[in-house]
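Report on one structure; see the data block that follows.
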Amino acid sequence: MSTFFPEINDETLRQLPKVAGAYVLVIELEADLTLQNKRFAGKILPKGTYLYCGSANGPGGIAARVKRHCKGDKKPHWHVDELTSNGVGRVVSALVTPSGCECDLRVAFAALPGINIPIAGFGSSDCLGCPAHLLAAESHAAAMAAMAEASSFPA
C-alpha cells in the first residue's frame, strides 16, 4: 500500500519506511533550470512542479533514498539530482510504495490529467520501457491531486 506524505519535513522524513520499493517525489522549481548533464545540456525545465518516479533497493531503502534527494548539498549522481542540488528546486512531498515499481507508478501518473513528460529520457536511462521518469504537472494543485489519487493505487 502506498503512503502519501503531503509535506516533507524532519518529522515526515523520520516516518519513511526503511524497506525496498518505489517512490514519487513532488519537486518545486522556483526558477527555470538550464540542465548541465551532458545528455540534456542546454535543455530548460521551466519553473514549476515536477514528479520524479524512482526506486530504492539498496541499504536503508526508501527512507535513505528520499532523504538523500531532500539534501541540497550532495554530489550529483542521478539525473534528478540536478533539480534538487542547485538551490532552485526542492522536494515538497512524496508518495512511497514499499515493494512497488517505479515504472508502474510512472505509467499510473502519466495517465492522470494535467501530467506530461517534459524531457524524453530524463531519469530513465536504465529503463527500457519508459519514455522518462520525470513528469511535469500543469500546476502544484494538479500534482497534489495526482498524489492523493495515487495513494489509492494498488501496490
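Looking at this structure, is residue 89 at positive phi and surrounded by 13 or more Cβ atoms within 10 Å (Cβ to Cβ)? Can you show your working first?
Working: at positive phi: no; surrounded by 13 or more Cβ atoms within 10 Å (Cβ to Cβ): yes.
Considered against the rule, which asks whether it is at positive phi and surrounded by 13 or more Cβ atoms within 10 Å (Cβ to Cβ), residue 89 comes out as no.
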Exception for residue 123 within (1) out of contact with any strand residue (DSSP E or B) (no Cβ under 6 Å at 6 or more places or on another chain); (2) touching a residue at least 40 places away in the same chain (Cβ under 8 Å) falls at (1)
Keeping to the stretch 33-45, report how many residues are closer than 15 Å to residue 118 by Cβ and free of Cβ contacts under 8 Å to residues at least 40 places away in the same chain. 3
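Could you please let me know if residue 138 is of a type in the set (D, E, K, R) and either touching a residue at least 60 places away in the same chain (Cβ under 8 Å) or closer than 26 Å to residue 43 by Cα (or both)?
yes
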Can you tell which of 126, 104 is at pLDDT 90 or above and either farther than 27 Å from residue 10 by Cβ or not in a loop (DSSP other than H, G, I, E, B) (or both)? 104
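The values are calculated or read from the model by the stated rules, or taken from the named source; none is laboratory data. From a predicted model like this one, the values you see are computed outputs, not experimental measurements. Positions of Cβ are generated from backbone atoms using ideal geometry, with glycine treated the same way; all protein chains shown enter the neighbour counts.
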